[in-house]
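Read the structure below first, then the notes.
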């Protein structure tokens, strides 16, 4: 009898806790980083995001990059920067290494964009 009563009370407690509103930090996390909540126009997105593309599929879909010019153009759109602040550093067999520059010309970040998947990663 005691086990049945304690199981019943525990299940009621769990149901009540699941019905409570989530804390503000969890709600902010659920909104996503592209929902207008970022630290400015050049704020870095989370690691491993995909570059924008005209006919992009759902998140996680492969978006191959065919040339270095296309990689620079996509990253300029992705970071919302003028194209002169995004410079190709080196082309590799599997991707491009690209420097993101500050307005004064000093390097702010260095990223790799994968040729086959379109995935970008910061390497600095």
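The values are calculated or read from the model by the stated rules, or taken from the named source; none is laboratory data. Values in this document were obtained by computation on a predicted structure and should not be read as measured data. Positions of Cβ are backbone-derived with ideal geometry, glycine not excepted, and every protein chain shown enters the neighbour counts.
Only residues that are over 15 Å from residue 118 (Cβ atoms) and within 20 Å of the chain's Cα centre (by Cα): list them for region 86-95, please.
86
State all residues of region 96-121 that are touching a strand residue (DSSP E or B) at 6+ places or on another chain (Cβ under 7 Å), under 17 Å from residue 65 (Cα atoms) and in contact (Cβ under 8 Å) with a residue 40 or more places away in the chain; if no residue qualifies, say none.
113, 114, 115, 118, 119, 120, 121, listed by residue number.
Residues that are in a loop (DSSP other than H, G, I, E, B), modelled with pLDDT under 90 and in contact with a strand residue (DSSP E or B) (Cβ under 8 Å, 6 or more places away or on another chain): does region 24-41 have at least one?
Looking for residues that are in a loop (DSSP other than H, G, I, E, B), modelled with pLDDT under 90 and in contact with a strand residue (DSSP E or B) (Cβ under 8 Å, 6 or more places away or on another chain), one finds none in region 24-41, hence no.
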